[in-house]
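Q: Please find one structure pasted underneath; my questions will follow.
Derivation of every value follows stated rules applied to the coordinates shown; laboratory data play no part. Predicted model, so just to flag it, every value in this text is computed and none were measured. Cβ placement follows ideal geometry from the backbone for every residue including glycine, while neighbour counts extend to all protein chains displayed.
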Amino acid sequence: MDALNVINVGTDKVNSLLNIVLQYGATIVLKLVIAAFLWMLGRWLIGVLVRMVQRSLTRQRFDPTVLRYVGSFITVTLNIILVIAILSYCGIETTSFAALLAAVGLAIGMAWSGLLANLAAGGFIIVLRPFKVGDAITAAGVTGTVVEIGLFVTSINTSDNVLNLVGNNKIFADTIINYSSNDFRRVELTASLPSSEDEQAVISRLKDQVGSLPNVLTSPQVDVQLSAATADAITLSVRPCCHHDHYGTVYHQTLEVIRALMRDVSLKKA
């Protein structure tokens, strides 16, 4: 009889333990299923919100780089909030998690101070807009066309088709020369001739020939001035203006006109 009672008591305990396991197991599984559903729903809603914001900014003609920054910032921020909310729903204490996240962020910030400086500088470049994608600039000793303004580096393609990745902080801390900012750019060249030449006739010839070149602007007009004179030679400054996209072409064409003039002067003396 005693053995039967022991068996009954043991069976009751096993049944009770099994009921507890089933009860808590069902609760945990249900919470995991709901958490997975909330994660997928939250991710979908975040994607919808980011696309709505980007479309709104696109209609207002914001720079593509700004769109990427805003989209990345909203996505990361909302994903962190979503994870914390799901953990809180599952019964996990989020206060300690937030403190741990802050401590990890501080450690990462100290270890990656250089990267964060580049990140902050990239944000200032986007807000202050000293240049944009497609502009020709000189920054941090690199001259070329801006291909992309990234989170940490700016991609600049030089005239010899070499891609340079320059840290945003280095760019922002240095002098930035933007060749594409103004409506036109002036070409600076000089022509050296014998002092016996009539500078007024030469100036008139250069203005006519350089002014007739393709892509040279009529306003402002070609400027040719006497810039230096010695007993043996005179120096003329030749300054046509053009759009930045045509700078290289106008520079070399003007140089050819000056070379032809100097060749004619040499033949005349001979």
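Q: The conditions are (1) surrounded by 14 or more Cβ atoms within 10 Å (Cβ to Cβ); (2) over 36 Å from the mean Cα position of the chain (by Cα); (3) free of Cβ contacts under 8 Å to residues at least 24 places away in the same chain, and Asn157 fails exactly one of them. Which is it?
A: So the condition that Asn157 fails would be (2).
Q: Residues being surrounded by 14 or more Cβ atoms within 10 Å (Cβ to Cβ) and more than 14 Å from Glu256 (Cα to Cα): count how many of those fall in the range 193-206.
A: Of the residues in the range 193-206, 5 are surrounded by 14 or more Cβ atoms within 10 Å (Cβ to Cβ) and more than 14 Å from Glu256 (Cα to Cα).
Q: Which one of these is part of a loop (DSSP other than H, G, I, E, B), closer than 30 Å to Phe131 by Cα and of a type in the set (Ser, Thr, Tyr): Ser196, Ser219, Ser155?
A: Ser219
Q: A follow-up question, please. Conditions first: (1) under 42 Å from the mean Cα position of the chain (by Cα); (2) in a strand (DSSP E or B). Ser180 passes all but one, so which condition is the exception?
A: Single failed check for Ser180: (2).
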